[in-house]
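S.K.: Take this structure first; my questions come after.
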Amino acid sequence: MIEIRDIKLPLGGDLKAACAKKLRVPAGDVLEARLLRRSVDARRKDDVHFIAAAAVSLRRGEEKYPPYTPWTPPRVGVLKEKPAHRPVVCGAGPAGLFAALTLARAGAEPILLERGSAVDERKADVEKFYQTRVLDTESNIQFGEGGAGAFSDGKLNTGTHDRRGRQVLHDLVAAGAPDEILWQARPHIGTDRLPDAVKGLRKMILAHGGEVRFRTRLTDVSLSGGALRAVSLMQGGAAEELEADSLILAAGHSARDLFALLKERGAQLEQKAFSMGVRCEHPQKVISRAQYGAFAGHPALGAADYRLAVHLPDGRGVYTFCMCPGGYVVGAASEEGLLCVNGMSPFARDGQNANAAVLCEVRPSDFGSADPLAGVELQRKWERAAFLAGGGDYRAPAQRLGDFLAGKPSGGAGSVAPTYPLGVRFGTLDGCLPEFVLAALREAFPLFDKKLRGYAMPDAVLTGVETRSSSPVRIVRGENGQSNLRGVYPCGEGAGYAGGILSAAVDGIRQAENWLSLHME
């Protein structure tokens, strides 16, 4: 077979016919065409189509084209001897799951700890919060099997070209994710399908000799001579000390108690830039029409997405993040008396609204303190303000975009109904975010409208606040992947080394490989 790129594929068109046209050969000469990648080209609204790459089998003449090399899984080395202590992995988000899977395949029999519930029970915990407004601080949108990404769009976009990324996609498909993620330019699994993939990964870990413990929180680390000696755990009210000389720390960007513990134990932490802002909701039809023109609504296209960014005159960036076509705004609080939001969408992306975070860069110089955890306290400050502005019962503060730009409170929704499940309290977002963030957002929305027509529609709904796009802390690690606490391997978003499901999973594999490199000799 050969690999052909830059194929113009009409919406709903036949791939074999498009390949024949690209190659300028009779249609009958294309014996097979397998889709490798597909993206939308909507630069011309009168000619929206796909750009594809395909593996093609020809009747003749294949020697004139580059051969297709299929992906093959990497060889996995197996430990010759069991380690003195089983490696411990803290956190069952993408970084922790793929670190544990990598270790399990090598015969290391890892112990995977997760403070929250298994994914099905976790879904019930979240629904209970929505119904009762009583937050489970151990199992919620942030904590539980699958990590924070389990309640998002399941997007697998990444800027990294690390070879491990392809491995992650194939493992996800093997675990139950739709195989479309192997060829989509912007792959996504969807909140409704992600739990099955997460459970599939857990089964793979168990099948290779790993162990998974839910509702088990890491409460302390014990050191001897600067190296890890044991970890302290709490499960169901029972304390346990587990001897361990290695800990892959994949606890996520909301593990604030763990950041504080590491600081107390002498881990080297540093401040890290993050972002804050709001969720912005539009009718999905408005976004799809702006992106696809007359082709909006074509069944081959589905709901349109977008990515927008501007650099303001003062050098600060404002950008959209975690865009959820046909999705919903969700409650992402993990501490009582604090409020933050996120977005999610199902695989079909068939909701009435589109939403995305609109975020402003927050720099360490904005933190107001040199303390490595000052960014965490800044997040808490504005999450507390949002909680109070919403009425103190986990309703979220909201404002219509037109009113936000005009600097006046909103009395209620217009043509766009907010989707936040606990209800919103319309008014003003002033007082829910720092002044520099509010000013930057007000400057950015009209600029976004120039890039995507209709984006600044007055009835678009802004829901506050979004503060958890990334960790405000980095756990410093050396070339061998370990922190200054020897035997502790920080990884993923919470440690400050990833920015999404795929990059976090890749970092988890990388840290597992660092551990294995010391035990394969």
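S.K.: Under the classification rounded if a/c is under 1.5, otherwise prolate if a/b is larger than b/c and oblate if not, where does the chain fall, given a ≥ b ≥ c as square roots of the Cα gyration tensor eigenvalues?
M.R.: Cα axes put the chain in the oblate bin.
S.K.: One-quarter of the Cα convex hull surface for region 4-72, in nm²?
M.R.: With every direction weighted equally, the projected area is 5.1 nm².
S.K.: Using θ = phi - 60° and the Karplus form 6.51 cos²θ - 1.76 cosθ + 1.60, what ³J(HN,Hα) does each residue of region 176-189 get, whole Hz, x for Gly and Pro?
M.R.: x, 6, x, 6, 4, 5, 6, 10, 5, 5, 10, x, 8, 9
S.K.: In nm, give the distance between the simple-model label positions of Arg60 and Arg363, each being 7 Å from the Cα along the Cα-to-Cβ direction.
M.R.: Going by the 7 Å Cα→Cβ label model, 6.5 nm.
S.K.: May I ask which residue of Ala406, Gly337, Cys322 lies farthest towards the positive end of the charge dipole of region 303-435, with charges of +1 (Lys, Arg) and -1 (Asp, Glu) on Cβ and the Cα centre as origin?
M.R.: Ranked along the dipole, the leading option is Ala406.
S.K.: Now, a different point. Per-residue counts of other Cβ atoms within 10 Å, averaged by peptide: what ranking do you get for 499-507, 41-49, highest first?
M.R.: 499-507, 41-49
S.K.: Another question about this same structure. At 1.4 Å probe radius, can you tell me the per residue accessible area of the chain in Å²?
M.R.: So the chain comes to 41 Å² accessible per residue, rounded to a whole number.
S.K.: Also, quick follow-up: Whole angstrom only: what separates the Cα centroid of region 495-521 from the Cα centroid of region 196-219?
M.R.: Their Cα centres are 17 Å away from one another.
S.K.: Same structure again: For region 117-269, with only Lys/Arg (+1) and Asp/Glu (-1) charged at the beta-carbon, what is the dipole magnitude about the Cα centre, in debye rounded to 20?
M.R.: 340 debye
S.K.: With helices defined as uninterrupted DSSP H runs, which ones in the chain have an alpha carbon span along their own long axis of at least 15 Å and mean Kyte-Doolittle hydropathy of at least 0.5?
M.R.: 94-105, 194-207
S.K.: Moving to a separate point now. Take the Cα radius of gyration of region 191-250 and divide it by 2.2 N^0.38 Å, with N its residue count; two decimals is plenty.
M.R.: So region 191-250 has a normalised radius of gyration of 1.41.
S.K.: While we're here: Under the rule a/c < 1.5 gives rounded, and otherwise a/b versus b/c splits prolate from oblate, where does region 314-448 land using the Cα gyration tensor?
M.R.: Cα axes put region 314-448 in the rounded bin.
S.K.: Label points 7 Å out from Cα along the Cβ direction at Lys285 and Asp47: separation in nm?
M.R.: So the two model labels end up 2.9 nm from each other.
S.K.: Under unit Cβ charges (Lys, Arg +1; Asp, Glu -1), what dipole magnitude, rounded to 20 debye, does region 1-138 have relative to its Cα centre?
M.R.: Rounded to the nearest 20 debye, it is 580 debye.
S.K.: I need the peptides 28-39, 338-349 ranked by packing, meaning the mean over residues of other C-beta atoms within 10 angstrom, with the highest value on top.
M.R.: Per-residue Cβ counts within 10 Å, averaged per peptide and sorted highest first, yield 338-349, 28-39.
S.K.: Also: Along the charge dipole of region 70-132, pointing to its positive end and built from +1/-1 on Cβ of Lys, Arg, Asp and Glu, which listed residue (Ala124, Leu97, Ala108) has its Cα farthest out?
M.R.: Towards the positive end, the residue furthest out is Ala108.
S.K.: Positive end of the dipole of region 1-159, charges at C-beta (+1 Lys, Arg; -1 Asp, Glu), about the Cα centre: which of Ala27, Thr72, Met1 has its Cα farthest in that direction?
M.R.: Ala27
S.K.: For region 233-316, give the percent of accessible area contributed by carbon and sulfur heavy atoms, probe 1.4 Å, rounded to a whole number.
M.R.: 51 percent
S.K.: Here is a follow-up. Between Ser517 and Phe436, 0.36 nm times their residue separation minus their Cα-Cα distance comes to what?
M.R.: Full extension of this stretch gives 24.5 nm more.
S.K.: In the structure shown, do any of Lys8/Lys451; Lys272/Lys408; Lys21/Lys199; Lys80/Lys263 have a Cα-Cα gap over 31 Å, and if so which?
M.R.: Table pairs above 31 Å Cα-Cα are Lys272/Lys408; Lys21/Lys199; Lys80/Lys263.
S.K.: Continuing with this model, one more query. Under a straight-distance cross-link criterion of Cα-Cα below 18 Å, which aspartates and glutamates are reachable from Lys22, leaving out those fewer than 8 residues away in the same chain?
M.R.: The reachable aspartates and glutamates, counting only those whose Cα sits under 18 Å from Lys22, are Glu3, Asp6, Asp14, Glu32, Asp41, Asp47, Glu62, Glu63.
S.K.: Let me ask something else. Probe radius 1.4 Å, ligands and nucleic acids ignored: give me the carbon and sulfur share of the accessible area of region 26-73 as a rounded percent.
M.R.: 52 percent
S.K.: Something else now. Two decimals, Cα atoms only, Kirkwood Rh: what is Rg/Rh over region 220-378?
M.R.: 1.11
S.K.: Need one number: nm distance between label points at His311 and Ala406, each 7 Å from Cα along Cα→Cβ, rounded to one decimal.
M.R.: Each label point lies 7 Å from its Cα, and together they span 3.5 nm.
The values are calculated or read from the model by the stated rules, or taken from the named source; none is laboratory data. Values in this document were obtained by computation on a predicted structure and should not be read as measured data. With ideal geometry, Cβ positions are generated from the backbone for all residues, glycine too; neighbour counts draw on all protein chains shown. Please note that ligands, DNA and RNA were not included when accessible areas were found on the heavy atoms of the full protein model with its side chains. Shrake-Rupley method; radii C 1.70, N 1.55, O 1.52, S 1.80 Å.
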